[in-house]
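Enquirer: Starting off with a structure, shown below.
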Amino acid sequence: MSPAERIEVLRRDIRSHDHRYFVLDDPVISDYDYDMLVAELQDLESAHPELITPDSPTQRVGGEPSATFPVVRHPVPMLSIGNTYNDEEIRDFDRRIRDLLGPEREYAYAVELKIDGVAVSLRYEDGALALGATRGDGEQGDDITANLRTIRSIPLRIAEEEPLLNNIEVRGEVYLPHDGFEALNASRAEREEPLFANPRNATSGSLKLRDPRVVAERPLRVFLYTLRFEDEAGALAARPDLDSHFQRLHWLADQGFPTNREARRFAAVDEVIEFCHDWEERRSTLSYDIDGMVIKVDSIGLHGELGATMKSPRWAIASKFAAQRARTRLTDIRLQVGRTGVVTPVAELEPVFLAGSTISRATLHNEEEIQRKDLRVGDTVWIEKGGDVIPKVVSADLDEREDGSTPFEMPTACPVCETALVRVGEEVAWRCGNAACPAQTQARVTHFTGRNAMDIEGFGPAVTEQILGNGLIGDVGDIYRLTREQLGTLERMGEKSADNLLGGIEASKDRPLDRLLFSLGIPHVGERAARQIAEHFRSIDAVGAATEVGLVAVPEIGPKIAESIVSFFQNERNLEIIEKLRDAGLRMELDAPADGADSGAESGEDTRALADKIVVITGTLSNYTRDEMAGLIESAGGRVTSSVSKKTDYLVAGENAGSKLKKAQSLGVEILNEEETEALISGERSP
């Protein structure tokens with residue numbers, strides 16, 4: 001047997017043993033024998049490096065840490081699923097499906113466990129794992145391919161005989177089983193490192209690590225539950241049975257993907273509800289965390305017909321389990337000052353274990369919430385985790401209330417700078433009006449340097465506190481004026497640490513405009529809104545000059561956000577900070593639009609061919625995939641949605657367009673073929 005042939009045999013055997021061990025939990029050889037196979041493969045590949053391939057089991061762990069995670073766009077948005085909390089809401093979901101499809105249509109449901117982990121996407125090209133990404137904001141996420149390759153249950157290659165089925169996107173949930181979580185925390189305790197609060201936090205933290213070699217040491221697992229073919233029409237023509245989501249789960253399992261074996265298919269909603277109740281009672285028997293059940297219309301074709309809202313698919317719903325509760329004592333109510341000056345009361349609690357973590361604090365939201373629940377220091381209270389994640393105080397046990405307890409009264413001054421607290425308009429929140437309040441400044445710096453904003457590596461809470469405490473900066477604009485000598489005065493800040501921090505600061509100057517807008521902490525402007533605004537106005541000067549009317553014209557930007565942006569750019573202090581950032585060399589505008597199109601940045605108007613137009617794509621296209629066509633439309637300023645409505649401007653129709661074409665015709669929506677769409681985008685045809 002030649003070295004090349006022996007290498008292929010070893011790779012095949014190792015992949016098989018990985019699947020049996022990590023997916024089926026049914027190993028058939030000892031750890032020693034497995035290690036001998038891997039060692040033999042490593043020796044052969046070392047002797048014949050020309051035979052090493054990216055999908056070899058020896059290539060799972062990369063060599064060097066990544067400086068940053070590149071941002072990648074999802075070919076189809078990773079939408080969140082709406083929630084239900086009782087049987088009647090599940091029945092309402094079923095009634096909506098029936099109303100949309102009509103009483104004569106037959107359909108079934110696939111029901112799966114809702115894994116409490118971190119959502120990821122995997123893309124395979126010609127059968128090989130090409131990309132792995134986080135969910136991010138649903139439209140784009142971080143490229144964490146190197147980290148996901150370390151999860152041994154994820155196949156690096158699939159081998160479907162039908163070539164059409166080898167170009168796919170698979171989505172699922174990475175998680176830590178209970179024993180893996182306990183082992184990870186035990187090892188961290190031995191090294192006197194902070195412990196993770198729960199398995200989900202540990203999973204999220206692990207996937208954010210820059211060094212895949214460290215990730216490989218974490219016992220991460222994954223369940224895959226969504227399959228999308230690059231050529232859906234071609235795939236379904238080759239395998240009509242894969243119109244069923246439930247059958248797609250079986251196909252994934254056949255290809256070696258780890259799928260949850262508890263999924264079931266039901267024809268009646270009553271059976272769905274009974275199955276959900278059964279698992280709510282049995283959830284504690286699992287070796288991993290779940291927080292509900294996911295109910296999906298089984299037919300993939302019906303998914304397209306039912307469509308989606310801006311946030312959620314109409315063909316799926318999550319049945320959330322009732323939150324787990326615990327009793328404890330409210331020992332104090334303290335005030336926390338945020339970056340916008342909002343003062344939030346926080347409950348200090350006697351530590352109590354609940355739903356996988358120990359709870360010692362919980363937000364009380366505002367003064368009115370405390371008064372409504374009549375919460376008092378010293379009370380015995382019920383707490384629960386909203387969605388099994390965020391702890392909250394539900395109520396006080398009045399039978400346990402101590403004599404002489406007094407109602408809570410909101411202090412009149414900021415707990416940090418002692419400035420008088422004020423209320424703005426009809427807001428329920430109290431605010432500290434001192435923009436120079438140390439607590440606000442620290443919160444703004446923490447937000448600005450955070451991973452989803454300017455992502456300045458090394459600018460953690462301890463460093464932030466020291467830098468502010470030593471008076472090295474007064475606002476976020478001063479971050480870019482820090483020197484090596486200044487940082488050298490901080491505790492535990494050696495020369496290498498100072499250089500690394502300065503390198504992180506320098507690297508952040510190249511963050512795109514939407515990240516800068518988000519990092520400024522403009523009230524009500526989240527990551528998605530910042531991206532919409534950046535793509536529309538294309539420069540920070542154009543955003544600053546925009547009126548409320550011009551801002552509201554941007555898709556998904558409402559009056560509240562528009563008013564907040566205008567107010568922010570009218571504040572002289574904010575303008576001074578922006579000038580500091582400009583002088584430091586941060587990116588203040590987007591690159592020019594493709595094909596030299598005028599973005600209208602100076603006027604705040606988008607003059608691209610499909611600006612503000614809503615477009616739906618349906619049917620099989622001849623010259624493009626749907627993703628490619630969607631990219632062309634978005635580059636021309638259009639917004640691609642999945643369902644036809646009165647607001648739809650154009651329907652791009654390929655072959656076998658189906659029900660969307662009929663609906664568009666009934667609503668008077670303009671129908672375009674591929675050539676007409678190209679002409680519209682290029683300007684050869686007027687909108």
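The values are calculated or read from the model by the stated rules, or taken from the named source; none is laboratory data. Computed from a prediction, not measured in an experiment: that's the story for all the values here. Cβ atoms come from the backbone with ideal geometry, glycine included; neighbour counts cover every protein chain shown. These accessible areas exclude ligands, DNA and RNA; they are computed on the full protein's heavy atoms, side chains included. Shrake-Rupley method; radii C 1.70, N 1.55, O 1.52, S 1.80 Å.
Enquirer: Given the pairs K509/K613; K320/K660; K613/K663; K320/K373; K114/K647, which span a C-alpha to C-alpha distance of over 26 angstrom in this model?
Expert: From K509/K613; K320/K660; K613/K663; K320/K373; K114/K647, over 26 Å: K509/K613; K320/K660; K114/K647.
Enquirer: Ignoring ligands, DNA and RNA, what accessible area per residue does the chain give at 1.4 Å, in Å²?
Expert: Per-residue value: 49 Å².
Enquirer: Compute the Rg to Rh ratio over the chain from the alpha carbon atoms, using the Kirkwood formula for Rh, and round to two decimal places.
Expert: Expressed as Rg/Rh, it is 0.97.
Enquirer: Starting from the Cα-Cα distance between T309 and R95, subtract it from 0.36 nm times their residue separation and give me the gain in nm to one decimal.
Expert: Additional length available on full extension: 75.3 nm.
Enquirer: Where in the stretch 290-329 is the amide nitrogen less than 15 Å from a point lying 7 Å along the Cα-to-Cβ axis of E400?
Expert: Within reach of a label on E400, which here means backbone N under 15 Å from a point 7 Å along Cα→Cβ, the stretch 290-329 contributes 325-329.
Enquirer: Residue-wise, which Karplus ³J(HN,Hα) couplings in Hz belong to the stretch 263-271, taking 6.51 cos²θ - 1.76 cosθ + 1.60, θ = phi - 60°, and x for glycine or proline?
Expert: So the Karplus estimates, Gly and Pro as x, are 5, 9, 10, 9, 8, 10, 5, 4, 5 Hz.
Enquirer: Calculate the length of the line joining the C-alpha centroid of the stretch 309-337 to that of the stretch 443-511, in whole Å.
Expert: 34 Å
Enquirer: Is there a quick way to get the dipole size of the stretch 521-573? I mean about its Cα centre, with the Cβ of Lys and Arg at +1 and of Asp and Glu at -1; what is the value in debye to the nearest 20?
Expert: 100 debye
Enquirer: What nm value, rounded to one decimal, do you get for the distance between E556 and H250 when each label is placed 7 Å out toward the C-beta?
Expert: For E556 paired with H250, the spin-label model returns 3.8 nm.
Enquirer: Please state the shape class of the stretch 73-201: rounded when a/c is under 1.5, otherwise prolate if a/b exceeds b/c and oblate if not, all from the C-alpha gyration tensor.
Expert: oblate
Enquirer: In terms of solvent-accessible area of protein heavy atoms at a 1.4 angstrom probe, what is the ranking of Y650, Y225, Y32, highest value first?
Expert: Y32, Y225, Y650
Enquirer: I would also like to ask the following. I need the phi-derived Karplus couplings for the stretch 52-57: 6.51 cos²θ - 1.76 cosθ + 1.60, θ = phi - 60°, integer Hz, Gly and Pro marked x.
Expert: Per-residue couplings from phi come out as 6, 10, x, 8, 5, x Hz.
Enquirer: Going by Cα centres, the stretch 1-20 and the stretch 230-261 are how many Å apart?
Expert: Cα centroid of the stretch 1-20 versus Cα centroid of the stretch 230-261: 26 Å apart.
Enquirer: Let me ask another. Which number comes out as Rg/Rh for the stretch 422-543 once both Rg and the Kirkwood Rh are worked out on C-alpha atoms?
Expert: 1.02
Enquirer: What ranking do 205-215, 143-153, 569-579, 179-189 get when scored by the average of other Cβ atoms within 10 Å per residue, highest first?
Expert: Highest to lowest by the protection proxy: 143-153, 205-215, 179-189, 569-579.
Enquirer: At 1.002 mPa s and 20 °C, plugging the Kirkwood radius over alpha-carbon pairs of the stretch 152-192 into Stokes-Einstein gives what diffusion coefficient in µm²/s?
Expert: It comes out at roughly 156 µm²/s.
Enquirer: Got a sec? Charge dipole of the stretch 1-61, +1 on Cβ for Lys and Arg, -1 for Asp and Glu; which of P54, S16, S2 is way out at the positive end?
Expert: Looking along the dipole axis, the top candidate is P54.
Enquirer: Please state, to two decimals, what the Cα-based radius of gyration of the stretch 304-364 comes to when divided by 2.2 N^0.38 Å (N = residues).
Expert: Normalised Cα radius of gyration, the stretch 304-364: 1.77.
Enquirer: What order do K311, K385 take when sorted by accessible area (1.4 Å probe), most exposed first?
Expert: Ranked list, largest accessible area first: K311, K385.
Enquirer: Suppose accessible area is computed on protein heavy atoms with a 1.4 Å probe; arrange C417, C276 from highest to lowest.
Expert: I get C417, C276, largest accessible area first.
Enquirer: A further question follows. Place +1 on the Cβ of every Lys and Arg and -1 on the Cβ of every Asp and Glu in the stretch 169-306, take the dipole about the Cα centre, and give the residue among A189, A253, L236 whose Cα lies farthest towards its positive end.
Expert: A189
Enquirer: Report the relative contact order of the chain, percent, no decimals, based on alpha-carbon pairs under 8 angstrom and at least 6 residues apart.
Expert: With pairs under 8 Å counted, the relative contact order is 9 percent.
Enquirer: So for the stretch 1-136, averaging the separation of alpha carbon pairs under 8 Å that are six or more residues apart and normalising by length, what relative contact order in percent results?
Expert: 16 percent
Enquirer: Would you mind telling me the share, in percent, of accessible area of the chain contributed by carbon and sulfur at probe 1.4 angstrom?
Expert: Percent of accessible area from carbon and sulfur atoms in the chain: 48.
Enquirer: Return the sequence-ordered ³J(HN,Hα) values of the stretch 539-544 in whole Hz as given by the Karplus equation 6.51 cos²θ - 1.76 cosθ + 1.60 applied to θ = phi - 60°, using x for Gly and Pro.
Expert: Running phi through 6.51 cos²θ - 1.76 cosθ + 1.60 with θ = phi - 60° gives 8, 5, 5, 5, 5, x Hz.
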